[in-house]
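Heads up, the thing below is written out as structure tokens.
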Amino acid sequence: MPCKKLDSGSSNVFSIFEQSQIQEFKEAFTIMDQNRDGFINKDDLRGTFAALGRVNVNTEELDEMIKESPAPINFTVFLTMFGEKLKGSDPEETIMNAFKIFDPEDKGIVNAEEISKMLKTQADRFTPEECKQMFEAFPPDVAGNLDYKNLCYVITHGEEKEE
């Protein structure tokens, strides 16, 4: 489910996410809090990177990540940071409606070449490299069509839909 828009007047960060999202963030926080002290610090980040296979993260990079936080990173601060990052993200329906312009028969697919051309020439133009990266992450099928419904789901939820 998409998160609700972050209201700058909202005092409760928990109200901007659905319960299932809060649970997913809590699980991620628990994994990252390597020393289980209730806070994510530089050593926790280093351990998280190591667990993901990246063992040579430099101290400056970790310092920059920690500096993004306005306070020690407990779960509430962690959730607030994600809320701020997601602020302004379009909901799934909005992204889906943008693709539907190219899918008048509502098949859930669009021609990848046509989308690539539009992305490179309209509004906030994509570079050829950005289009290439998108199609590497979401390759068109053998007919050259892009499953935009799945793409929209991944953009807003972070993982593919189980069919």
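The values are calculated or read from the model by the stated rules, or taken from the named source; none is laboratory data. All values reported here derive from a predicted model rather than from experimental measurement. With ideal geometry, Cβ positions are generated from the backbone for all residues, glycine too; neighbour counts draw on all protein chains shown.
In table form, for the structure just shown:
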| item | result |
| --- | --- |
| Residue check for VAL55: among the aliphatic types (A, V, I, L, M) and in a helix (DSSP H, G or I) | no |
| Residues located in region 109-136, provided they are among the aromatic types (Phe, Trp, Tyr) and out of contact with any Lys or Arg (no Cβ under 8 Å at 6 or more places or on another chain) | PHE135 |
| Positions within region 13-40 being surrounded by fewer than 16 Cβ atoms within 10 Å (Cβ to Cβ), in contact (Cβ under 8 Å) with a residue 24 or more places away in the chain and not in a helix (DSSP H, G or I), in sequence order | GLY38 |
| Residues satisfying the stated conditions in region 42-57, i.e. at pLDDT below 90 and either loosely packed, with under 10 Cβ neighbours inside 10 Å or among the basic types (Lys, Arg) (or both) | LEU52, GLY53, ARG54, VAL55, ASN56 |
| Pairs with Cβ under 9 Å, 6+ apart, first in region 85-113 and assigned by TED's automatic domain parsing to the domain that holds PRO70 and crowded, with 17+ Cβ neighbours inside 10 Å, second modelled with pLDDT of 85 or more and part of a loop (DSSP other than H, G, I, E, B) | none |
